[in-house]
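To start, the structure itself, in structure tokens.
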Amino acid sequence: MMASGRRAETRLRLFGAAVELIAEQGYTATTVDAIAERAGVAKGTVFYNFGTKEALFSGLLEHGVGLLSTALSGAAAGETALDALDAVVMAQLRFFEEYGAFARVLLAEMWRTAWQDAVARLRRDVLGVYADVLRRAVAEGAVRGDLDVETAATAVFGMVLTVAIERRALHPDRPIERVHATLVDLLHGRVTG
């Protein structure tokens, strides 16, 4: 394996260890020593790859937001805007099903002022998918013409994030399809009304 391939693999292991630990105990309580131990690397490896714990966490947020953005963008090509909206909601639910620890970290830690670059990327790349789909729905006449799409995009994303975390924590046996059906019923009832 090439050095860059090994480095990328190491960075992914560090991201995985960091997100698990931060989801379990919070950013402040998570130490570089614990991250290195969980990842199975020397402490110096963390510093070699990121320089600081803050840079590691910032990189983790950027990486996770990038994965989420790709997942949502890939789902946004529905035949109609409402089909696309339904598919994006499902893509977000499935993403947070797979990356549950990242969902908890995102909700708990992302709003600190230190992570404003990651917040800006979330707004642009992730909420932007929802906003684009909702703009398309307005243009198709599928939703109210006076809909504030930016606020609606934030609200839908937050609703799905919260429900995904609640499902994992309290109702893991509840089928994701049932959760999705409930969410889209709510959206169709309010956004299109």
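Quick note: the coordinates plus some simple rules give every number you see, no bench work behind them. For clarity, every value in this text was computed on a predicted model and none was experimentally measured. Positions of Cβ are generated from backbone atoms using ideal geometry, with glycine treated the same way; all protein chains shown enter the neighbour counts.
Comparing Cα centroids, segment 26-41 and segment 110-159 end up 33 angstrom apart.
With the alpha-carbon atoms of segment 83-147 aligned to their principal axes, the span from lowest to highest coordinate is 39, 26, 14 Å, starting with the largest. Using the Karplus relation 6.51 cos²θ - 1.76 cosθ + 1.60 with θ = phi - 60°, the per-residue 3J(HN,Hα) values for segment 173-188 come to 7, 6, x, 4, 5, 5, 4, 4, 4, 5, 4, 6, 4, 4, 5, 5 Hz, with x marking Gly and Pro.
On a per residue basis, the convex hull of the C-alpha atoms belonging to segment 1-51 measures out at 64 Å³.
Picking from M159, A108, L93, whose Cα lies most toward the positive end of the charge dipole for segment 54-191 (charges on Cβ: Lys, Arg +1; Asp, Glu -1)? Among M159, A108, L93, the one farthest towards the positive end of the dipole of segment 54-191 is A108. Note that segment 34-39 has calculated 3J(HN,Hα) couplings of 5, 4, 4, 4, 5, 7 Hz, one per residue in order, obtained from phi through the Karplus relation 6.51 cos²θ - 1.76 cosθ + 1.60 (θ = phi - 60°); glycine and proline are x.
Once Rh is set to the Kirkwood radius over Cα pairs, what Stokes-Einstein translational diffusion coefficient, in µm²/s, holds for the chain at a temperature of 4 °C and a viscosity of 1.567 mPa s? Write out the running numbers ahead of the final one.
On the way: Rh = 17.8 Å.
Calculated translational D: 73 µm²/s.
Karplus-based coupling profile of segment 144-156, in residue order and whole Hz: 3, x, 9, 4, 7, 5, 5, 5, 4, 4, 5, 5, 5, with θ = phi - 60° in 6.51 cos²θ - 1.76 cosθ + 1.60 and x standing for Gly or Pro.
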